[in-house]
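To start, the structure under review is shown below, and the notes come after it.
The values are calculated or read from the model by the stated rules, or taken from the named source; none is laboratory data. This is a predicted model, so every value here is computed, not measured. Positions of Cβ are generated from backbone atoms using ideal geometry, with glycine treated the same way; all protein chains shown enter the neighbour counts.
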Amino acid sequence: MTNIELIENGEERVVKKFQETRKTSPLNPKLASINEKALKRFETLKFPHRKHEMFSFVDTKDLASTDFQYRYGPESPLNPELLKDFIYPESRDSVIVIVDGRYDTALSNTSRLDKTIELKSLDEAIGDAELNNYLLDTVDREEDVFASLNGAFLRDGLMIHVLSNSQIERPLQILHVSTGSKGSPVTTVPRVIVKLENDTKLDLIIQSIGIDGNYFLNSIQDFILDKSATLNLVQWQSDPNNSWFFSKSWITLSEDSQFKSTTASNGNRLTRHHYHVRMTGEKADLSLNGISVLCDQEQVHNYVRVHHEAPDCRSDQLFKNIIQDEGRSSIDTTVIVHEGAQLTESHQLINNLLLSDDGVADTKPNLMIYADDVKCDHGATIGQISEDQLFYLKSRGLAEDEAKTLLTSSFANTVLQEIDCPSLKARLKETLLNKLGVKDV
Amino acid sequence: MLEINNLRAGFEGSEILKGISLTVNKGEVHSIMGPNGSGKSTLSKILVGHPSYEVMSGTITYEGKDLLELEAEERAQAGLFLAYQYPVEIPGVNNAEFLRMAYNAKLKKEGKEEVDPLDFDDILNEKMKLLGMDQKYRERSVNDGFSGGEKKKNEILQMAILQPKLTILDEIDSGLDIDALRVVANGINKLVNKDSALIIITHFPRLLEYIEPDYVHVLSEGRIVTSGDKSLAHDLEARGYDHLLAKV
C-alpha cells in the first residue's frame, strides 16, 4: 500500500470508528455538538500528506496508519504507589491526577485548594454558555488535524477556574497518567481548561507519565488569562519511549497578563507541542521556553504561532535541544504582529547542541509584521560544544570529560534555572542529564 | 622553572614566533612588551597548549619536564596559569561551582581530599575580598554579562584560588580603569612569592608601575629584539616602540 493509501485508509477508519463508538458506547450527550463539529473539521483537514505546511518536519504517517483504540479511564484501578514518586512535595495536597484522560478524584488530593479555585468536569461546566461557545469556536478555528481528533472523541475534560483576586501560594500539579497497552495501541484525548480571572496568580506543573507504553496521548489544553493574571507553567513530557505525545495549547492573554512557561521533553517515538497564542490585551507578556534532551531515535517537535493582536505586548521564546544518537527535533515558530500592534517587542532564539553525527535539528523561526513601530528579532544556532569554552575549562585543570559534562549541563541549565519549584527542578536536571550519561554539578 | 629554547610556532601554518628563547626562574617577574601583532599572545597560547596553535620547532621545558608533551589540563594541574586577554563567557555554569571544580581538580592532582561547597565558600570569600569583588559574581554564570573589568578580576580570582607556580598575564590591564587596575595589581602582588614566577604581557608600560618586573623583553615580529631591566619599560613609555625598534 502506498503512503497516500495508508493515510486515506486511516481517515476512513477514524470516521468509521466515530460512528461505531456513537452506536455502541455513546459519548457524552452534552458534548455531542462539539464531537460532531470536530469530526467534520477532521474530514476537512485530513491527515497530513508530505510537505503539509504544519507538519513539514514531522512524519505522522505512523500515527495516521495505526488503528488506535480510544480509551477513557483505565481498564483496572491504578495502584497509588506507582504515582508517589511523581508527586512533588510542594504540591502534595494540590495534585490532580488524570488517568487515561479521566479525572481520578480518588488518586487526586486537592485538600489545600480553597474556594478561590473551582474544579469542574466539563460535563458540569459546559452548562455555561460562554464556555460552550468558546469550545465550539476552538473547534471551528482548529487547523491541527490531531487536535480535531481530540474534539471528535472527547467524552469529558476538566475546567480549573481561578476566581478573581486570588494568589495561589503553592503550585498546583496535574499528572497525566497513561496506562498504555501490552496489546493493541490505545489513544486518549484529555482536555484541560485553565481560566485565570482578573488579578490572579497560579503556578502550575503539568507532567505526563506512562506505565506500559504503546499509547498516543493526544491532549488539548487551554489557558485563558484575564486582566493582570499571571500563570507560571512548567510542563514535563516524560512518557516512555514507546509512546506518542501530542499537545495543543490554546493560550489567550488579556491586558497586563503574564504567561511564563518552561516545557521539558524527554522525547519518545514522536512528541509534538503546538502552541497557539493570542495576545489580545495591551501589555501582555509571554515567555515560552523549551528544553529537550534526545537519545536513540527519540523525537520532539515544537510548532508555535504567536499573534500579537494588541499594542505594547512582549513575547520571548527560547528553545534548546540537546541531541545525540539519531535524535530528531524541530522548531517551527512564527510571530505575527497584527496591524495596529505597535510597540510590540518579540524575541525568538533557538539553540541546538548536536552531540552526534546522526542527530537532526530543523529550525524555522519566522516573523510576519504588519505594524511599523516594533522591535523583533530571531536567531538560531546549531553546533557542537564550543571549543573555546572547552579549552578555557581545560586550561583551569578540568579533564576533558569533566569539562564536556559541565558544558552540556550548562546548556540545559539556562532553561531549567527559570523553574521555581526546587524538587521538580532537581528531578528534571537529574533525569535529563542522566539520559546523556552526565551528572549535574 | 621555564626554559624556552629557539621556539618557532604559529597559527594555521603561518609562522608567528620566529625563534624565541627565554628563561624564567622562581621568584622572577618578566614583562614581555611589544606592538600589536608582534606575537605576544601567540606565545601565551603556546605555553598553555591551545589546540589551534602549532609548534614548528624548538623546545619548552617546565620544571624539568617537556611542556609540549602535556595536555592543557595537565599543564594547569602542574601549576601553569594564563589570565586571558579575552576571558570566555560560559552561560549556565555557576561561577562559584566552576571555581570549586577547578580548585578540586588541583587538590585531586596533589592527592588531597576535595572540598565541599561549604568549605569552599570560606576560601572563595577571602579571595573575593582581596580583589574587592561583589558577592553577586559568585552566583552568576562564568563571565556571562560581566563588564570588561569584572572579567579581568574574575581571572585574577581564579589565579588567587589556584595559586599557580607560573602565571602569565595576557593584557590584564586592558579594559580596566585606573582604580580597578590598582586593585588588580595589588591583588597580584599579594599572590606572587619567591616560589612562583610571573610573565606579564602588555603593550602599555603603566601596569609595570604597579607590578615591578625584574626583566623586560621587547618582542617584535616574532623575535625578542632587546631585553633589559625595568628601565627599558620607562624608556618605552617616554619614546615609544618606533624609536626603540628603529635603533635595533
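Restricting the stretch A:379-397 to residues that are of a type in the set (Gly, Ala, Ser) and not assigned by TED's automatic domain parsing to the domain that holds A:ALA412, which is surrounded by the most Cβ atoms within 10 Å (Cβ to Cβ)?
Of the stretch A:379-397, the ones of a type in the set (Gly, Ala, Ser) are A:379-380, A:383, A:386, A:395, A:397.
After this cut, where a residue has to be not assigned by TED's automatic domain parsing to the domain that holds A:ALA412 as well, the list is A:379-380, A:383, A:386.
Values: A:GLY379: 11, A:ALA380: 17, A:GLY383: 11, A:SER386: 15.
Residue satisfying both the conditions and the ranking: A:ALA380.
Taking the stated definitions as given, is A:SER164 small (Gly, Ala, Ser) and not in a strand (DSSP E or B)?
On the way: small (Gly, Ala, Ser): yes; not in a strand (DSSP E or B): yes.
Here the answer is yes, as A:SER164 does meet what is asked.
Filter the stretch B:85-98 down to residues that are more than 7 Å from chain A (Cβ to nearest Cβ), modelled with pLDDT of 90 or more and within 17 Å of A:GLU402 (Cβ to Cβ), then give me how many there are. Step through it out loud before you land on a result.
First, the residues of the stretch B:85-98 that are more than 7 Å from chain A (Cβ to nearest Cβ): B:85-87, B:89, B:94-96, B:98.
When the remaining residues are screened for being modelled with pLDDT of 90 or more, the result is B:85-87, B:89, B:95-96, B:98.
Still in the running and within 17 Å of A:GLU402 (Cβ to Cβ): B:95-96, B:98.
So the answer is 3.
So A:ASP377 ticks every box in (1) within 14 Å of chain B (Cβ to nearest Cβ); (2) closer than 30 Å to A:HIS307 by Cα but one. Which box is left unticked?
(1)
Spot the failing condition for B:LEU82; the list is (1) more than 9 Å from every other protein chain (Cβ to nearest Cβ); (2) in contact (Cβ under 8 Å) with a residue 60 or more places away in the chain; (3) not in a loop (DSSP other than H, G, I, E, B), and only one is missed.
(1)
Does the stretch A:408-429 hold any residues that are among the hydrophobic types (A, V, I, L, M, F, W, C) and more than 7 Å from chain B (Cβ to nearest Cβ), and which are they?
Scanning the stretch A:408-429 gives A:ALA412, A:VAL415, A:LEU416, A:ILE419, A:CYS421, A:LEU424, A:ALA426, A:LEU428.
In the stretch A:331-353, how many are of a type in the set (Gly, Ala, Ser) and in a strand (DSSP E or B)? Before the answer, list the steps.
Initially, the stretch A:331-353 is screened for residues of a type in the set (Gly, Ala, Ser), giving A:340-341, A:346.
Next cut, in a strand (DSSP E or B) only: A:346.
Looking only at that region, the number is 1.
Name the residues in the stretch A:393-406 that are in a helix (DSSP H, G or I) and either without any contact (Cβ under 8 Å) to a residue 12 or more places away in the chain or more than 7 Å from chain B (Cβ to nearest Cβ) (or both), would you?
So the first thing to find is which residues in the stretch A:393-406 are in a helix (DSSP H, G or I), and the list is A:393-394, A:400-406.
Selection gives A:LEU393, A:LYS394, A:GLU400, A:ASP401, A:GLU402, A:ALA403, A:LYS404, A:THR405.
Conditions first: (1) out of contact with any Leu (no Cβ under 8 Å at 6 or more places or on another chain); (2) in contact (Cβ under 8 Å) with a residue 40 or more places away in the chain. A:ASP226 passes all but one, so which condition is the exception?
Among (1) out of contact with any Leu (no Cβ under 8 Å at 6 or more places or on another chain); (2) in contact (Cβ under 8 Å) with a residue 40 or more places away in the chain, the lone unmet condition for A:ASP226 is (1).
Going residue by residue through the stretch B:52-66, is there one that turns out to be facing chain A (nearest Cβ under 9 Å) and modelled with pLDDT under 95?
Residues of the stretch B:52-66 facing chain A (nearest Cβ under 9 Å): B:52.
In the following step, the residues that additionally are modelled with pLDDT under 95 were identified as B:52.
Among the residues of the stretch B:52-66, at least one is facing chain A (nearest Cβ under 9 Å) and modelled with pLDDT under 95, which makes the answer yes.
Would you mind telling me which numbered condition in (1) in the same structural domain as A:ILE209 (by TED's automatic domain parsing); (2) surrounded by 24 or more Cβ atoms within 10 Å (Cβ to Cβ) A:CYS313 fails?
In the conditions (1) in the same structural domain as A:ILE209 (by TED's automatic domain parsing); (2) surrounded by 24 or more Cβ atoms within 10 Å (Cβ to Cβ), A:CYS313 misses (1) alone.
This table checks each residue for (1) over 17 Å from the mean Cα position of the chain (by Cα); (2) modelled with pLDDT under 95; (3) under 29 Å from A:THR116 (Cβ atoms); (4) part of a loop (DSSP other than H, G, I, E, B).
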site: A:LYS182; (1), (2), (3), (4): yes, yes, no, yes
site: A:ILE220; (1), (2), (3), (4): no, no, yes, no
site: A:LYS227; (1), (2), (3), (4): yes, no, yes, yes
site: A:VAL234; (1), (2), (3), (4): no, no, yes, no
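Against the definition (among the acidic types (Asp, Glu) and assigned to a helix (DSSP H, G or I)), how does A:GLU75 come out, yes or no? Quick ask: steps written out before the conclusion?
On the way: among the acidic types (Asp, Glu): yes; assigned to a helix (DSSP H, G or I): no.
It is false that A:GLU75 is among the acidic types (Asp, Glu) and assigned to a helix (DSSP H, G or I).
Can you run down the residue pairs with Cβ atoms below 7 Å, 6 or more apart or on separate chains, where the first is in the stretch A:266-281 and closer than 17 Å to A:GLY340 by Cα and the partner is basic (Lys, Arg)?
Short answer, once both residue conditions are applied: A:GLY281/A:LYS227.
What residue, of B:LYS106, B:LYS129, is of a type in the set (Lys, Arg) and surrounded by fewer than 18 Cβ atoms within 10 Å (Cβ to Cβ)? So that I can check it myself, show each step before the final result.
Details: B:LYS106 fails: surrounded by fewer than 18 Cβ atoms within 10 Å (Cβ to Cβ).
After ruling out the rest, the residue left standing is B:LYS129.
Can you work out which of the residues in the stretch B:37-51 that are in a loop (DSSP other than H, G, I, E, B) and away from chain A (no Cβ under 14 Å) is surrounded by the fewest Cβ atoms within 10 Å (Cβ to Cβ)? Spell out how you get there, then give the answer.
Going through the stretch B:37-51, the residues in a loop (DSSP other than H, G, I, E, B) turn out to be B:37-39, B:49-51.
Then keep just the ones that are away from chain A (no Cβ under 14 Å); that gives B:37-39.
Working: B:GLY37: 12, B:SER38: 24, B:GLY39: 24.
For the stretch B:37-51, the residue satisfying everything is B:GLY37.
Can you go through B:GLY34, B:GLY27, B:GLY19 and tell me which one is in contact with a helix residue (DSSP H, G or I) (Cβ under 9 Å, 6 or more places away or on another chain) and either more than 14 Å from chain A (Cβ to nearest Cβ) or at pLDDT below 95 (or both)? Don't jump to the end; show me each part of the working.
Working: B:GLY27 fails: in contact with a helix residue (DSSP H, G or I) (Cβ under 9 Å, 6 or more places away or on another chain); B:GLY19 fails: in contact with a helix residue (DSSP H, G or I) (Cβ under 9 Å, 6 or more places away or on another chain).
Exactly one of B:GLY34, B:GLY27, B:GLY19 is in contact with a helix residue (DSSP H, G or I) (Cβ under 9 Å, 6 or more places away or on another chain) and either more than 14 Å from chain A (Cβ to nearest Cβ) or at pLDDT below 95 (or both), namely B:GLY34.
Got a sec? Which of A:LEU78, A:LEU31, A:LEU63 is among the aliphatic types (A, V, I, L, M) and more than 29 Å from A:ARG305 (Cβ to Cβ)? So that I can check it myself, show each step before the final result.
On the way: A:LEU31 fails: more than 29 Å from A:ARG305 (Cβ to Cβ); A:LEU63 fails: more than 29 Å from A:ARG305 (Cβ to Cβ).
The conditions single out A:LEU78.
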